[in-house]
Amino acid sequence: MENRNEMILEVESRSCNEGLVRIAVAAFSTQLNPTLEEVADIKTAVSEAITNCIVHAYDTGTEKIRIECRNEKRELTVVVKDTGKGIEDIEKAMEPLYTTKPEQDRSGMGFAFMEAFMDQVKVESSPGQGTTVTMKKLIGRQNPVFE
């Protein structure tokens with residue numbers, strides 16, 4: 001295996017696509033030989049990122065969500081992009097328990113879960129321009145073969 005590979009996936013912002021994206025990214029990550037716990041972490045973080053796009057990015061109709069995955073050496077990078085309404089206050093949106101849709105019983109823990117399960121989470125957004133969430137995870141930390 002070479003030290004680098006990429007995958008790009010584009011889906012409509014429908015809740016039925018959340019599972020598809022979660023499984024596709026998990027399958028892509030297996031090239032890095034992750035533990036079951038690492039795969040579970042990745043699936044949870046990706047699920048939260050996709051759900052945020054589906055719930056918050058588009059008020060009407062369905063639009064595209066783009067998922068870019070890259071592995072390089074032992075690091076998995078997952079980028080989730082939408083072209084929706086964007087986030088006005090990223091810092092506030094990333095606070096645990098903060099939600100703009102309490103009427104939908106949203107917990108406001110999406111970004112907190114992403115940060116808990118990935119090594120790095122970066123959020124870029126502009127109102128009216130969409131949001132890009134970049135998540136990184138180092139795979140195989142506990143496996144001395146990779147050291």
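Screening A57 on (1) under 10 Å from the mean Cα position of the chain (by Cα); (2) buried (at least 20 other Cβ atoms within 10 Å of the Cβ) shows it passes everything except condition (1). Residues in the stretch 85-100: is at least one touching a helix residue (DSSP H, G or I) at 6+ places or on another chain (Cβ under 6 Å), modelled with pLDDT of 90 or more and of a type in the set (K, R)? Taking every residue of the stretch 85-100 in turn, none turns out to be touching a helix residue (DSSP H, G or I) at 6+ places or on another chain (Cβ under 6 Å), modelled with pLDDT of 90 or more and of a type in the set (K, R). Within the stretch 101-113, the set of residues being open to solvent by 30 Å² or more (accessible area, probe 1.4 Å) and modelled with pLDDT of 80 or more comprises F113 only.
All conditions but one from (1) modelled with pLDDT of 95 or more; (2) within 16 Å of T132 (Cβ to Cβ); (3) in contact with a strand residue (DSSP E or B) (Cβ under 6 Å, 6 or more places away or on another chain) apply to C53; the one that does not is (1). Would you confirm whether any residue within the stretch 114-127 is modelled with pLDDT of 90 or more, out of contact with any strand residue (DSSP E or B) (no Cβ under 9 Å at 6 or more places or on another chain) and open to solvent by less than 70 Å² (accessible area, probe 1.4 Å)? There is at least one residue in the stretch 114-127 that is modelled with pLDDT of 90 or more, out of contact with any strand residue (DSSP E or B) (no Cβ under 9 Å at 6 or more places or on another chain) and open to solvent by less than 70 Å² (accessible area, probe 1.4 Å).
Quick one: which residue in A45, A93 is crowded, with 17+ Cβ neighbours inside 10 Å and farther than 30 Å from N5 by Cβ?
Numbers: A45 fails: farther than 30 Å from N5 by Cβ.
Matching residue, one of A45, A93: A93.
Would it be correct to say that A49 is among the small types (G, A, S) and closer than 18 Å to G140 by Cα? It is false that A49 is among the small types (G, A, S) and closer than 18 Å to G140 by Cα.
Name the residues in the stretch 124-140 that are more than 10 Å from the chain's Cα centre (by Cα) and not basic (K, R), would you?
Within the stretch 124-140, E124, S125, S126, P127, G128, Q129, G130, T131, L138, I139, G140 qualify.
Only one of the listed residues (E88, E6) is touching a residue at least 12 places away in the same chain (Cβ under 8 Å), open to solvent by 80 Å² or more (accessible area, probe 1.4 Å) and in a loop (DSSP other than H, G, I, E, B). That residue is E88.
Kindly provide the set of residues from the stretch 9-41 that are outside any helix (DSSP H, G or I), under 19 Å from Y58 (Cα atoms) and open to solvent by less than 60 Å² (accessible area, probe 1.4 Å), ordered by number.
Residues satisfying the conditions are L9, V11, S13.
K81 meets the stated requirement of being basic (K, R), closer than 18 Å to M118 by Cα and in contact with an Asp or Glu (Cβ under 8 Å, 6 or more places away or on another chain).
The values are calculated or read from the model by the stated rules, or taken from the named source; none is laboratory data. Nothing here was measured: the structure is a model prediction, and the numbers come from that model. Note: ideal-geometry Cβ built from the backbone for every residue, glycine included; neighbour counts use all protein chains shown. Surface areas here come from the heavy atoms of the whole protein model, side chains and all, with no ligands, DNA or RNA. Shrake-Rupley method; radii C 1.70, N 1.55, O 1.52, S 1.80 Å.
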